[in-house]
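Visitor: After the structure tokens below, expect a handful of questions from me.
Nothing in this text is a laboratory measurement; each read-out follows from the coordinates by a stated rule. Since we're looking at a predicted model, the values are computed, not measured. Note: ideal-geometry Cβ built from the backbone for every residue, glycine included; neighbour counts use all protein chains shown.
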Amino acid sequence: MKIHLRLKDILSPSHFKESPFLKKQVLTSVLMCIFCMNSVAIPHNRYDGHNLLNLLKVEYPTLIGSKDVIIRGHVTDDNGKPLPGVTIHLKGTSIGTTSNTNGNYHISVTEGGILVFSFVGYETQEIKIVDQSTINVVLKVSSTLLGKVIITALGVKQNTNQISYATQTVSGKELNTAPSTNFVDMLSGRVSGVSIHQSSSGIGGSASVVIRGFKSVQGNNQPLYVINGVPMDNFSSDVINQTFTSMDQGDVISSLNPQDIESITVLKGASAAALYGSDAANGAILITTKQGVAGTTTVHLSSSLTIDKAAYGIPQLQNSYGESSPGSEQSWGSSISNASDIISGFFQDGITNNNSVSLSTGSERTQTYISYGNTTARGIIENNTLSRNNLNVNETSHYFNNKLSINANVSFEEQTINNPYVSGYQATVLRGLYGFPRGLDFTPYKQYQIFDSTRNVYTQNWPFITADDQNPYWVANKNLATNKRNRSMLAMTVKYNITDWLNLQLRGSRERINDLNTIEYYLGTQGAYAGTNGGYKYLNATNTQYYGDALLNFAKTFNKIHIDGLLGTSIKNSEQYGVTAGNSTNLYIPNVFLLQNMSVINGTTTSQLSNQHEQVQSVFGSANVSYNDWLFLNLTGRNDWASTLSFTPNESFFYPSIGLDLLLNKVVKLPEVISYTKLRGSYAVVGNAVPLFVTNPQNHLNSQGNVVFNNKAPFTDLKPEKTRSLEFGADIHLLEDQFILDFAYYKSNSINQFFPVAVPPGTGFSTRFVNGGNIQNSGVEITIGYSTPKGRPFQWSSNINFSTNRNIVKQLAPQFGLNQFLLVNDINGYSSILKVGGSYGDIYGPILQHDKSGRIMIDTSGVPIRQGGLPSYLGNPNPKFQMGWNNTFGYKNFILSILFDGSDGGKAMDLTEQMLDGLGVSKASGIARENGGVKVNGVVSETGATVTTVDAQKWYTTIGGRGGVTGEYMYNLSNIQLRELSIGYSLPNKMLRDKFIKKVELSLVARNVAFLYNKAPFDPNLIYATQNGYNGVMVFSQPTTRNFGFTLNVTF
């Protein structure tokens, strides 16, 4: 049926001069007839004539002569940054779209209509379409709903007003102020509540990241890392043995190219990371990488070069007393005058060079980002090098009027570390260097090898080869370790906007990491590592992780109530396959490092084949409900099914969270100086699965093919570890956001830990696991920010981060008689023991015996007496509080950045100093001899006579050396450090006008500049190893470096 109407004739003004009401009634009646005859559904409450006319324009524009137009444009915020996800709809209709990741949109609408632009946290704008094809919009932050959009769990963008937990975001530009080979270290001092320590292995070493304190006794304490919404596998291989020998083979996260990072958001509490499940029990670090930008093509070149000098942790040696006797490795001899400085000439200048190039381009439909990065580094010790290559491709496309978007990200990383530094007593470079007898000529031993004509091979040139003592140049050149890592990651996200309030997102990824590690011990190396023909160790392991999730996201407004959230499901499948082989006593042919050359005589070759597989399946959901933009309720729930909990009734475990936010400034009239105030609170429960083979331990075959029977009983009643977390906080903005205060108080209790306990004889097992434990962390986090108003020639932004954490072991497993647990069991006088009432990481060791008055007990021969019995409590490495102060000053084209950080409290044990004291080479042992002995407050145990001086050699050979009295070697870790310093200059725009080059920035940078306060003889920010229990001890760790250099950034 065709209708030919001219509404302008029907509704001619001349027909209704006296009755506008009659005109409205006629219009409504005519339009109702038209809709009924054409079977057009009439929305409820749309019977008003003008609403019906708008609907008619949309459904049947030809009836009234209206025409469709395509409107294009982009949406940005006040700072010109694109706003993705902005809802654009034609007022009075269901026609709408959303802006893409670059803020671009296009929509087909009827001319004369009104476009409505709305986004959470911003003022809604309405623009009438009058002879326009392009409409660009700048949305302003709502004066009554301050806040910014950040990335939260599962990659979901949320306004900070809706978030009931603490987060902090660091921009990629800030991270690259003073580059490092491990970008995680650059978060130090920038985020409150996060403790970051670099391992002692130098370049390529892992970083320990702990958010709000240690929680898990047997499990992992590191946070989950998420890249563009996809969890990644950040395993690290840090090998420690009972001789305190540690080789850190690096973690995965350190191999990322920091130039690809757009921002990093730290989710601190259990509420923040609840949707990620058990992997995020310790918090999560969300990494958002750069993407292409529509409408522009940009090429960016970045280059940095730093010189790295050994600066902190170099021991001071005495120059006054020589070796005890010819051929002795100790220096308790007579006075000398020929001692030389053998340390400063040993360390070389390290060099770190980072180069990166990226291309960003795109149209409204497709955006592309491609980058390549190359990092090379030379350590401060000979033959220690790093080489890394990164390739990253990120492609985003939009289809069907932006209803469908597809993002694909492919990245490849290849890294080789040669001779990563080995800490500890044995197989380490620095033990032989630091302990070399004073006064003995070191020059001949720089030629570290001598020819053995009998065997026709070179062997080690060293006067005393012991389990601990080897030529440092031999170790650097003939104990050769190579760690090669290849990582690839493919991720894809498909998102479809079903309506303007509902979308479906599918995401999947595959991450594959291959590690090939070898150690070659040449003939002549100490016998524990190499026999008469040398030794060889080999590891080849591949870790593959598949991840997929499906999210149904929704957002709907009903008058004053807004509801958004998601329903989802995910699966994570992890597979690990590896082969290890080693022969620490012999090779068949000398110095031929091949698997085929391993001798099988006397079963000296050990080999192992590992094949592990675990899976976690999950369903989850969240809902955020707001009332009138001042009251916000957040709910989440997740249920996991973990394969590691198989053979138990607890394979499935559920954990919820709830949060509440109140915008006080919208409820109560506050002084004008207060522009924004938010109060927040949350409670969450997060589960944490257990490692493989705990519930059902397996037998295995040894290298000779014999069955090795498992000695642990199956843990069939295991419950998953859980962390219950409570958090309260406030966000206060003053003077239109010039001053910002973020305060948080939290308390968490990690329960259902698992412990091994002895079982009665006759059961066929020696131990079984039990549930127990309650580790409590509580603390305060404060972030204070200031920035000068925009538009002034001088700009200053300042941020202070302050945090405290108190850790208490509330309970272990008293029902099984377990009231203490050994994290580290007495390695050379160092133990880390958990006891009820104590704290995670408590250090125990031997001490000197004292009488009731506190005087040191001395025996009749003048030797201090070591207290017998159990080890004594010596301290805890965790600080009372830590803080960072970051400042950026800008004037015209100059910019100055300064970062301080520091901590108060905490103690650590220095076994390096102890060993050097026992050998008599330390400066302290020399001073004591010059002073006639060590001044003490002592008493003879048998006679009660007062003792004020103890012979230096008797004192230091008692408390020093391996297995000495470690209680005398505890140091306070309080420190204040100038962490980063950078001064940069950008070429003026007028110099680059109409030039091919758009921007040039040159900066002079420095890291680890100076300690303004430090009482420890080492860098207190360094740790021996990243494993649980080892952050309170130093054993011949490599000195940390002071780094100076420059960065150059050029944009085309």
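Visitor: Summing -39500 (n - 2.57) over the DSSP H runs of n ≥ 4 in the chain and dividing by its residue number, what mean residue ellipticity at 222 nm do you reach, to the nearest 500 deg cm²/dmol? Present the calculation step by step, with values, prior to reporting the outcome.
Guide: Working: 11 runs with 83 residues, N = 1052.
When only DSSP H runs of four or more count, the value is -2000 deg cm²/dmol.
Visitor: Positive end of the charge dipole of region 647-766 (Lys, Arg +1 and Asp, Glu -1 on Cβ, about the Cα centre): tell me which of Leu663, Ile740, Gly762 has its Cα farthest that way.
Guide: Gly762
Visitor: Would you mind calculating the relative contact order of the chain from Cα pairs under 8 angstrom and at least 6 residues apart, reporting the percent as a whole number? Please list the in-between numbers first.
Guide: Details: 2916 pairs, mean separation 106.2, N = 1052.
That works out to 10 percent.
Visitor: Figure the gain on full extension for Ser652 and Lys790 (residue separation times 0.36 nm, minus the Cα-Cα span) and round it to one decimal in nm.
Guide: Working: separation 138, 0.36 × 138 = 49.68 nm, distance 5.28 nm.
Stretched out fully, the Ser652 to Lys790 stretch lengthens by 44.4 nm.
Visitor: For region 315-401, state which trypsin sites (Lys or Arg not before Pro) are in a DSSP loop and have at most 16 other beta carbons lying within 10 Å of their beta carbon. Provide the component values of the computation, followed by the final result.
Guide: Working: sites: Arg365, Arg378, Arg388; in loops: Arg365.
Hits after loop and neighbour filter: Arg365.
Visitor: Cut-off under 20 Å on the C-alpha distance; same-chain residues fewer than 8 positions from Lys852 excluded. Which lysines are left, in chain and number order?
Guide: Answer for Lys852, where 20 Å is the Cα cut-off: Lys935, listed by chain and number.
Visitor: Moving on. Report the GluC sites (Glu not before Pro) located in region 889-955 that are in a DSSP loop and have at most 12 other Cβ atoms inside 10 Å of their Cβ, or state none. Show your work: numbers first, answer last.
Guide: Values: sites: Glu913, Glu930, Glu942; in loops: Glu942.
Sites meeting the loop and neighbour criteria: Glu942.
Visitor: At 20 °C and a viscosity of 1.002 mPa s, what translational diffusion coefficient does Stokes-Einstein give for the chain, taking Rh as the Kirkwood radius over Cα pairs? Give it in µm²/s as a whole number. Don't skip to the end; give the middle numbers.
Guide: Details: Rh = 32.6 Å.
For the chosen part, D equals 66 µm²/s.
Visitor: Further question: Set Lys and Arg Cβ to +1 and Asp and Glu Cβ to -1, take the dipole of region 68-142 about its Cα centre, and tell me which of Asn79, Gly112, Ser133 lies farthest positive.
Guide: Final value for the positive-end residue is Asn79.
Visitor: Shifting gears a bit: When you take every Cα atom in region 148-193, what is the radius of gyration, and what is Dmax, the widest Cα pair distance, in Å?
Guide: 12.7, 36
Visitor: For a quick check: sort Phe755, Phe558 by the number of other beta carbons within 10 angstrom, fewest at the front. Working shown, then result.
Guide: Numbers: Phe755 19, Phe558 7.
Ranked by crowding around the Cβ, least crowded first: Phe558, Phe755.
Visitor: Something else: Work through the residues other than Leu187 whose Cβ is under 12 Å from its Cβ and net out their charges, Lys, Arg +1 and Asp, Glu -1. All intermediate terms of the calculation are to be shown ahead of the outcome.
Guide: Numbers: positive: Arg190, Arg979; negative: Glu174, Asp185, Asp901, Glu980.
Here the count lands on -2.
Visitor: Roughly what percent of Cα-Cα pairs across region 896-1047 reach past 23 Å?
Guide: Values: 6626 of 11476 pairs.
In whole percent, the long-distance tail amounts to 58.
Visitor: Express as a percent, rounded to the nearest 5, the fraction of DSSP beta bridges in the chain (both residues included) that run antiparallel. Mind showing how you got there, number by number?
Guide: On the way: 383 of 398 bridges.
So the antiparallel bridges in the chain amount to around 95 percent.
Visitor: If Lys and Arg each add +1 and Asp and Glu each add -1, what is the summed charge of the other residues whose beta carbon sits under 14 Å from the beta carbon of Glu413? If you can, show how the numbers build up before the last one.
Guide: Values: positive: Arg388, Lys484, Arg485, Arg487, Arg512; negative: Asp233, Asp251, Asp260, Glu414, Glu511, Asp515.
Computed value for this residue: -1.
Visitor: A further question on this structure: Taking 7 Å along the Cα-to-C-beta vector as the label spot, tell me the Ile927-Lys999 distance in nanometres, rounded to one decimal.
Guide: That separation, rounded to one decimal, is 5.2 nm.
Visitor: Let me ask something additional. Distance check, please: which entries in Lys157/Lys215; Lys173/Lys790; Lys722/Lys747; Lys478/Lys537 exceed 24 angstrom between their Cα atoms? Walk me through the numbers before you get to the answer.
Guide: Numbers: Lys157/Lys215 29 Å; Lys173/Lys790 19 Å; Lys722/Lys747 14 Å; Lys478/Lys537 14 Å.
Long pairs (Cα-Cα over 24 Å): Lys157/Lys215.
Visitor: Dipole of the chain, Cα-centred, from +1 at each Lys and Arg C-beta and -1 at each Asp and Glu C-beta, to the nearest 20 debye? Let's see the in-between values first.
Guide: On the way: 79 positive and 72 negative charges, 514 e Å.
Magnitude of the dipole: close to 2460 debye.
Visitor: Sticking with the crude label model, points 7 Å out along Cα→Cβ, report the distance from Ser488 to Lys669 in nm, one decimal please.
Guide: In this crude label model, Ser488 to Lys669 measures out at 6.7 nm.
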